[in-house]
1. Whole Å is fine, so just give me how far the alpha carbon centre of region B:32-84 lies from that of region B:125-145.
2. If I model a spin label as a point 7 Å beyond the Cα along the Cα-Cβ vector, how far apart are those points for A:Ala17 and B:Leu19 in nm?
3. With springs only between Cα atoms under 10 Å, which of B:Ser76, B:Ser283, B:Ser211 fluctuates most in a Gaussian network model of chain B?
4. Please return the longest range in chain A lying between exposed loop sites, taking trypsin sites (Lys or Arg not before Pro), DSSP loop only, at most 10 other beta-carbon atoms within 10 Å, and leaving the sites out.
5. For chain B, what relative contact order do you get, as a whole percent, if you take Cα pairs closer than 8 Å and at least 6 residues apart?
6. Quick check: at a probe of 1.4 Å, how many percent of the accessible area of the protein assembly as shown sits on carbon and sulfur atoms?
7. How far is the Cα center of region A:60-92 from the Cα center of region B:166-241, in Å?
8. Which of the residue pairs A:Lys35/B:Lys133; A:Lys8/B:Lys205; A:Lys46/B:Lys133; A:Lys97/A:Lys190; B:Lys80/B:Lys218; A:Lys97/A:Lys179 have a Cα-Cα distance greater than 19 Å in the structure shown?
Amino acid sequence: MEMKSSAKWIVYVFLFALSLLWIFPVIWVLLSSLKTTPDLYSFPPKFWPEPLTFEHYFNAFEKGNFGVYFLNSAIVTVSSTVLLLLINSMAGFALAKYRFKGDTVLLVGFISTLMIPLEVIMIPIFTVISFLGLYNNLLSIIIPPAATPTGVFLMRQYLLTVPDELLEAARMDGASEWKIYWSIILPIAKPILAVLAIFSFMWRWDDFLWPLIGISDPSLYTIQLALSNFIGEYNVDWGSLLAMSIITMVPVLVVFMMFQRYFVKGMVTSGMKG
Amino acid sequence: MATGTATMKPGKRKKKFQLTPYLFVLPNFLIFSIFIIVPTIMGFIYSFNEYDGLNPMEFIGIENYMNVFTNEMFWSALGKTALYAAIVVPLIYCLSLAVAMLLIQEIRLKGFFRAIFYWPTMISFIIVGLTWKWIFGDLGILNYILSLFGADTIPFLSSPFYANLSVIIATVWSRLGFFMVIFMAGLQAIPGDYYEAAHLDGASKLRSFWSITLPLLKPTSFLVIMISLIDAFKSYPLMFALTGGGPGRETTFIVQYIYEVGFMRQELGVASAMSVVLFVIISLFTILQFRLAKGGAV
């Protein structure tokens, strides 16, 4: 649609103002994290870090154990995502390409549990995790969230479009069902696997509730848990906290840049932050 | 995105019993049952028992529910959550729709703007809370800007009113981009001919918006309202990081309260009954969504 140039100007001014508002908080945190401690707490605040220092970043790693939390988060995010891709694609494949007793029940069952928010079952989940001996074990935040209904559903919808003839032909050639899944289905499913991988990365990296339920040992804290714990302390070391926040945003930003297209598409089709 | 019809399944191999599909579903099904289905059932059972997590459960019928219904703190937390939702949902709706409408136009730097608005949705709620805590704090930049204009400083995080306002601002900031994307998809699905026809008939922009955009956007609108409403009822990490639920219990919303009752006071039975009540509320909204959305074929 074309607009009058005066209208266009108003739109641009509005958008620029709003986007400035949107980008400012992160920039402010970034600039603050590069200030010396006295400057950090000076009032009126200085805008530019002068002198510029990386001391908070070093402190975060040296005194704040940030390396450990970062590593924990990385372990959880990567392994949970790999597990999610594997088991969701397997389930999606079965539900899309086989007819078996209970398939509809399973599918409806999976989807309807989307309605159960984790927040309302966190107490019994804690019991289950303890009962299985997974409490204070990273497995408690790797395994449970990997079986997502969203993932199964997206996989199934995608794999429905794979022609049956392709699978039949492979069976004629004597391929096992596992081989069909591994060497035909998975390569075909690459685009949807990419979308799911991105989602899973974001979900796990940003997650707070699963770690809160499953972990209490500080050496097993994920970044989010560690940050939330620091906030509660009396003498908040804002320098380290801000530095950690900035570092924590980087992986998500990188993933975002790399897969922007998938993101927007994927958001539209599945539309969940979970 | 590829989709297909549900009827496209092979019929040839259904005669003899096949183990294979079950094996493929098994890992997902197991994890899912153990960590979602079983806890759901357990939570329901807990809610009828007195249970502290250590001593054996004791069946007490609906006593926990009676307790919940007469618990003022619970209702106050729920009421605050509802009020927060009542402000946040319309705010997010209007703002994200407005931004989406501007960003589907032929506009320069479209991608840049989209990325900027979308970017905060990728940041965890903990960091969103932290970021805004740094800005709203007593030594924060916002108070400095106010002082530049000669205004008094505002205790953003320690006065009840401003703490709530801060929480709302942070929420809108972090969620706008997400709903903007959903709205953009909905808006792009509206055929351009409609607007052209309206334009030829001499309809104003505002008129087209009321008579074409809004009605045709109904399914998307429901989706946005329901997701943001349910999100609002489950929110907790952001407040936890931004205000710690304070001042006092001013921004302690329902999930945080349930967490405290369950994990800090060890009253698992009562907390479970609260969870059941919350679950019923969320389910009602979800069912309502399905009902209402039927009118406009999602």
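1. 35 Å
2. Between A:Ala17 and B:Leu19, the label points sit 6.9 nm apart.
3. B:Ser211
4. Values: sites that count: A:Lys4, A:Lys63.
The longest such stretch corresponds to A:64-274.
5. On the way: 309 pairs, mean separation 84.5, N = 298.
For chain B, the relative contact order is 28 percent.
6. Details: 18030 of 26100 Å².
Reported share for carbon and sulfur atoms: 69 percent.
7. A separation of 34 Å, based on Cα centres.
8. On the way: A:Lys35/B:Lys133 17 Å; A:Lys8/B:Lys205 14 Å; A:Lys46/B:Lys133 17 Å; A:Lys97/A:Lys190 17 Å; B:Lys80/B:Lys218 28 Å; A:Lys97/A:Lys179 14 Å.
Beyond 19 Å: B:Lys80/B:Lys218.
The values are calculated or read from the model by the stated rules, or taken from the named source; none is laboratory data. Since the structure is predicted, the reported quantities are computational estimates derived from the model, not experimental observations. Note that we place each Cβ from the backbone using ideal geometry, even for glycine, and neighbour counts take in every protein chain shown. Just the protein is used for accessible areas: all its heavy atoms, side chains included, with ligands, DNA and RNA removed. Shrake-Rupley method; radii C 1.70, N 1.55, O 1.52, S 1.80 Å.
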